[in-house]
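Input: a single structure, listed below in structure tokens.
The values are calculated or read from the model by the stated rules, or taken from the named source; none is laboratory data. These numbers come from a predicted model, not from an experiment. Because the Cβ atoms are built from the backbone with ideal geometry, glycine has one as well, and the counts that use them run over all protein chains shown.
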Amino acid sequence: MTKLKTKHLLGIKDLDKEDIQLIFSTADTFKEVINRPIKKVPSLRDTTIANLFFENSTRTKISFELAEKRLSADVVNFSASGSSVKKGETLVDTVNNILAMKVDLLVMRHPNPGAAEFLSRHIQAKIINAGDGAHEHPTQALLDAFSIREKYGEVKNKKVVLIGDIMHSRVALSNIFCLQKLGAEVMVCGPTTLLPKYISSLGVKVEYNLKKALEWCDVANMLRIQLERQDIRYFPTLREYTMLYGVNRQLLDSLDKEITIMHPGPINRGVEITSDVADSKQSIILNQVENGVAIRMAILYLLAGRTDQ
């Protein structure tokens, strides 16, 4: 198989295991490319990609832009601040105006869940969802699973716990879908107020005790508190949250095994994770960042590339 079965990447739910394996094997090739002296290939020359970010982003936006340039694509960056969106223009009109300039593929981040899927029904260009509200963030889940595969050889049967603000995290939902499709066991851990009531219906284990969760897992993926998406207080103070759900060196050393620490970023050091954990040899956080470029190159290539000609 050399083609994805889907035209867009709107969410992990649209991919099957074979699609994910194809993305991973393609990313393996591109990881070699980005680690050589000349980091560019002509794969997407004459392809125009627009990055539409209606929400602030640093790492994801830079990662996509770097991936696009490594593939020799022409890149257009769009930011909602200072655009016609602020003047009342609709999402479809904004995008159609951009597409009229002969753009082949859109990478879009939007604060509203389902925005990418809505747009896919109204335009011809291919769309990659770079995060839609608290719904999905498929490329982050793929790079996380790819990083686990790189560390352990495979994802199947690995025990992965997602710790923190599950309710407001698009990373958590996409990770659950992706890891389960690859045969991993998934647990969520956090305060009762930050775990959605439906969560156990997704087939994940639920644990409220951090120490027990860490004793169970092979990999702990730490999620930050999404304060910007919280309209009420879900716990008394950050200090109390850190005491109960923050991972520090002392806690890791108390385990009878060595686990792997991950974080999708941005890290709130001293809240969900301490610096001596984030920067330790057990952490693969910087590997995740590097793998993000390779995974996004693979997705862009498979969706926008000439693999079907």
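The table that follows gives values for the structure above.
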| quantity | calculated |
| --- | --- |
| Contacts under 8 angstrom Cβ, first residue in the range 229-252 being under 20 Å from residue 171 (Cβ atoms), partner at pLDDT 95 or above and assigned to a helix (DSSP H, G or I), 6 or more apart | 245/210; 247/210; 247/214; 247/277 |
| Residue within the range 200-211 that is part of a strand (DSSP E or B), of a type outside the set (Asp, Glu) and modelled with pLDDT of 95 or more present | yes |
| Residues of the range 99-139 satisfying the condition of being among the charged types (D, E, K, R) and on the phi > 0 side of the Ramachandran plot | 102 |
| Qualifying positions in the range 138-180 - part of a loop (DSSP other than H, G, I, E, B) and either of a type in the set (Gly, Ala, Ser) or not assigned by TED's automatic domain parsing to the domain that holds residue 214 (or both) | 153, 164, 169 |
| Selection from the range 1-52 of residues that are in contact with a helix residue (DSSP H, G or I) (Cβ under 7 Å, 6 or more places away or on another chain), without any contact (Cβ under 8 Å) to a residue 40 or more places away in the chain and farther than 24 Å from residue 151 by Cβ | 1, 5, 6, 40, 41 |
| Only listed residue being touching a strand residue (DSSP E or B) at 6+ places or on another chain (Cβ under 9 Å) and not polar (S, T, N, Q), chosen from 163, 225 | 163 |
